[in-house]
Amino acid sequence: MRKATFLSLACGLGLALPVMIAAAAPTGQARREIARLMDGLSNSQCEFQRNGKWYGRADARAHLQRKYDYLLKRDLVDTAEQFIERAASRSSLSGRAYRVRCPGEPEQDAGNWFLARLKALRGSGAPSP
């Protein structure tokens, strides 16, 4: 009986306690990095594949922007790495990895492509716009 009473009390208290969820909010630096990553795709000669179909860079940019806006509205992204993982790596509907193909380079997963560009961005020492 004591176990049941303790369990009931613990559950009751657990339901009464507020649940705190940390809201994500990208810093200015993260927003600039994400913008530069998308600009990098837009200004490249690369194509972007999602769900088996290849798209030009303008369509790819628009798609990634919609996904990024969705994540921002729900406070689900606060770093460039999270943007890459949650928006630029795979389809939210099918789960299939996005791909990128650029002239003179082997086709690769989009997540890897964006991570390499992020590393180059950070290593360049160039100020973010």
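General remarks:
- Using θ = phi - 60° in the Karplus curve 6.51 cos²θ - 1.76 cosθ + 1.60, the 3J(HN,Hα) couplings for region 30-37 round to 5, 4, 5, 5, 5, 4, 5, 5 Hz; x is entered for Gly and Pro.
- Backbone HN-Hα couplings from phi across region 38-43 [Karplus 6.51/-1.76/1.60, Hz, Gly and Pro as x]: 5, 4, x, 5, 4, 8
- What the phi angles of region 73-78 give under the Karplus curve with 6.51, -1.76 and 1.60, with θ = phi - 60°, is a coupling list of 4, 9, 6, 10, 8, 9 Hz, glycine and proline written as x.
Read-outs throughout are calculated quantities, based only on the coordinates presented, and are distinct from any laboratory measurement. All values reported here derive from a predicted model rather than from experimental measurement.
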